[in-house]
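Asks: Handing you a structure now.
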Amino acid sequence: MRASPTGSEAVRPTALWGVSLASLGVFLVSWALCWVNAYVVNDDLPNTCGDLRRQSFPPEVACASVNGTLTGANAGWIEALFFASLLVFVLLASMAATLASLRRK
């Protein structure tokens, strides 16, 4: 039989929660950068573009030209960071929640 944890042990955050929250922070910052690029930097793009392409997750407003180039698109590394940090957050938060529920039993 295990003794119940003391007050400081019960509320102490683990490294798993810390990394999970850090990846959530990276996700929110990359989402904000994509949003600023789409709706602040490229705010006049819909007025000057014939073939406008919109994407909502992550936010993006881009203009496709005839030769296939995109103007105003998010950088590839920002989108990779966006999805990778979201994936890391979901995986680590679910692992931490599962471990916390198993420790309570």
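The values are calculated or read from the model by the stated rules, or taken from the named source; none is laboratory data. Everything numeric in this text was worked out from a predicted model, so none of it was measured. Here the Cβ positions follow ideal geometry from the backbone for every residue, glycine too, while neighbour counts run over all protein chains shown. These area figures cover heavy atoms from the full protein model, side chains too; ligands, DNA and RNA do not enter into them. Shrake-Rupley method; radii C 1.70, N 1.55, O 1.52, S 1.80 Å.
Asks: Of the residues in region 64-78, how many are more than 14 Å from Leu45 (Cα to Cα) and free of Cβ contacts under 8 Å to residues at least 40 places away in the same chain? Spell out the reasoning first.
Replies: At the first step, the residues of region 64-78 found to be more than 14 Å from Leu45 (Cα to Cα) are 66-69, 75-78.
Checking which are free of Cβ contacts under 8 Å to residues at least 40 places away in the same chain leaves us with 66-69, 75-77.
Summing the residues that are more than 14 Å from Leu45 (Cα to Cα) and free of Cβ contacts under 8 Å to residues at least 40 places away in the same chain in region 64-78 gives 7.
Asks: Let me ask something else about it. Identify all residues within region 66-105 that are surrounded by fewer than 12 Cβ atoms within 10 Å (Cβ to Cβ) and not in a helix (DSSP H, G or I); write none if there are none.
Replies: Val66, Asn67, Gly68, Thr69, Ala75, Lys105
Asks: Quick one: would you say Ser20 is open to solvent by less than 90 Å² (accessible area, probe 1.4 Å), outside any loop (DSSP other than H, G, I, E, B) and free of Cβ contacts under 8 Å to residues at least 60 places away in the same chain?
Replies: Values: open to solvent by less than 90 Å² (accessible area, probe 1.4 Å): yes; outside any loop (DSSP other than H, G, I, E, B): yes; free of Cβ contacts under 8 Å to residues at least 60 places away in the same chain: no.
In short, no.
Asks: Considering only residues that are loosely packed, with under 12 Cβ neighbours inside 10 Å and hydroxyl-bearing (Ser, Thr, Tyr), which ones fall in region 23-64?
Replies: Passing the criteria: Thr48, Ser56.
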